[in-house]
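Below: the structure, in structure tokens.
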Amino acid sequence: MIKEHCGVFGFIGNNSIKYTYEGLKLLQHRGQESAGISYINANDLITQKGLGLVEEALDENITLNDSKISIGHVRYSTTGKTSLKEAQPLSNEKISIAFNGTITNYFEFGKYSTDTEFILDFIDKDIKEGKSIVSAIKHFMDIADGAYSMLIMTKEGEILAVRDPKGFRPLVMGKIGQNLVFSSEDSAIKQLGGKVIRDIKPGEIIRAKNSEIVSERIENSRVSTCAFEYIYFSRADSTIDNISVYEARIKLGEVLYDKHPANADIVVPVPDSSRPIAIGFSRKGKIPLEEALIRTIASKRSFIMPTNDKRNEVIEEKFGVVENAVRDKRIVLIDDSIVRGNTMKRIVSFIRNAGAKEVHIRIGSPPIKFPCYMGIDFPSRKELIASSKSENDIAQYMGANSIEYLTVDEMIKAIGRETLCTACFSGIYPLRNRYPIDKLESIFNG
Ligand code: 5GP
Ligand code: MG
């Protein structure tokens, strides 16, 4: 089974496909492995999808089709091999689903190759039995465990926007002119010239037709939104549940300095995602920030390469060092997170080779010790460096003078919300079915 994190976008109104196509490009950071769009043309539900970035996966001519409704999806997996079979949206003749998350108990319900396949089949069966789409979705929400922010388009010309009761992943509703738009992140809506209406609430089902919406909310449980959306995954110009991602990152950096200062001459961010964290750290510590690591444009993503050799090869291509900025200096290197440890180990060695005197690592999140089953692609415990090594051992392995992370409480305080999922740091999974991690690991990493 493949774990994935993804982006979804939907639009009701004229030039619908054009907006969804552009919207997906603005969500490209949420998934670069495949892209797809479903739309309705002359009463047929049509889905096109392909591998790669939006512009590679979908011929831009798709936007010329006349459709007043569409949903789209960008997908990001970890397995290293990607096939069209897993690309979304997933549809039959009547409904189409674009899904961001992971259903952790889908295997209880039959032999499905993906959790998305299970959702489509489950809802389709209920509809065939005469249930309304909303009842079918509620039934699904009753039995499904896990994370899901999803858009379902019906042949009748509706979009249903659904966010799981724990609100693990973001999902936002807005307007562009008079037209309704749905997006994983609000930054995409704003960039298209639209206005954000609000976040879809945890446990909420929005049924939208033309410019009308009806909302229902199933009984709420304790909300548990993914902390990693704030730390790394979302775009810095997004706001999730009324908290600015950029401001959260600045605060992560400020708290990092307050609680884990370092004596150093310069602060260096690992571009791009840790930049606001480094700004917060630098301001608070009054240590100048230097962009001494330069990221190669269009570098590949090291994170998802299938083997460690390949990952290291990509990291070599990804970063250059400004030698004059680091020579004979004491450096604080800031990154948002350490997962396997490949990135940081390579970077410390580049910076040492360029003549740095000391290298101190400060990380804007707690140590990642546990895999994620709620839609982020963290591998099994044996691949997570902090799962088996102490901070001292990690510093030594990296060749750094010191390493410090935020604690979970410091992170919560910095982001400014209590209702966060911290499973990858704490091992406490806010799931209903408490499968032991061993079982989940063997199902999801096997
Ligand atoms: P590592 O090299 O330790 O395995 O990965 C850590 C680096 O990958 C950090 O620079 C962090 O910004 C980035 N990172 C963390 N989580 C993810 C993810 O889910 N996907 C991708 N592509 N990068 C990630
Ligand atoms: Mg990074």
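In the chain, a dipole from Cβ-located charges (positive for Lys and Arg, negative for Asp and Glu) runs towards its positive end, and of Ile403, Gly13, Asn433 it is Ile403 whose Cα lies farthest in that direction. Note: relative contact order over segment 191-252, using C-alpha pairs below 8 Å and six or more positions apart, is 21 percent.
Within the listed set Ile189, Ile143, Ile37, the Gaussian network model of the chain (springs between alpha-carbon atoms below 10 Å) gives the highest mean-square fluctuation for Ile143.
Only Lys, Arg, Asp and Glu carry charge here, each on its Cβ (+1 for the first two, -1 for the last two); on that basis segment 244-419 has a dipole of about 120 debye about its Cα centre. Relative contact order, whole percent, for the chain stands at 13, derived from Cα pairs under 8 Å and 6 or more residues apart. One quarter of the convex hull surface built on the alpha carbon atoms of segment 7-223 amounts to 11.0 nm², the projected area averaged over directions. Each semi-axis of the equivalent ellipsoid for segment 250-401 is √(5λ) with λ an eigenvalue of the Cα gyration tensor; in descending order they amount to 23, 18, 15 Å. Rg over Rh for segment 334-407 works out to 0.99, using Cα positions for both radii and the Kirkwood form for Rh.
Count charges around Ile287 for me, please; just the other residues with Cβ under 12 Å from its Cβ, Lys/Arg as +1, Asp/Glu as -1. Residues near Ile287 contribute +4 overall.
The GNM of the chain, with springs linking C-alpha atoms under 10 angstrom apart, assigns the highest mean-square fluctuation among Glu410, Glu108, Glu290 to Glu108. At each listed q (0.08 Å⁻¹), what is the log10 of I(q)/I(0) that the Debye formula gives for the chain modelled as equal alpha-carbon point scatterers? Result of the Debye calculation: -0.45. Where is the GNM fluctuation largest for the chain (alpha-carbon springs, 10 angstrom cutoff): Ser96, Ser390, Ser273? The residue that fluctuates most here is Ser390. Given +1 at the Cβ of Lys and Arg, -1 at the Cβ of Asp and Glu and no other charges, the dipole of the chain around its Cα centre is 600 debye to the nearest 20.
Values in this text are rule-based calculations from the coordinates and carry no lab data. Treat the numbers as computed from the prediction; the structure is a model and nothing was measured. Note that each Cβ is placed from the backbone with ideal geometry, even for glycine, and that neighbours are counted across all protein chains shown.
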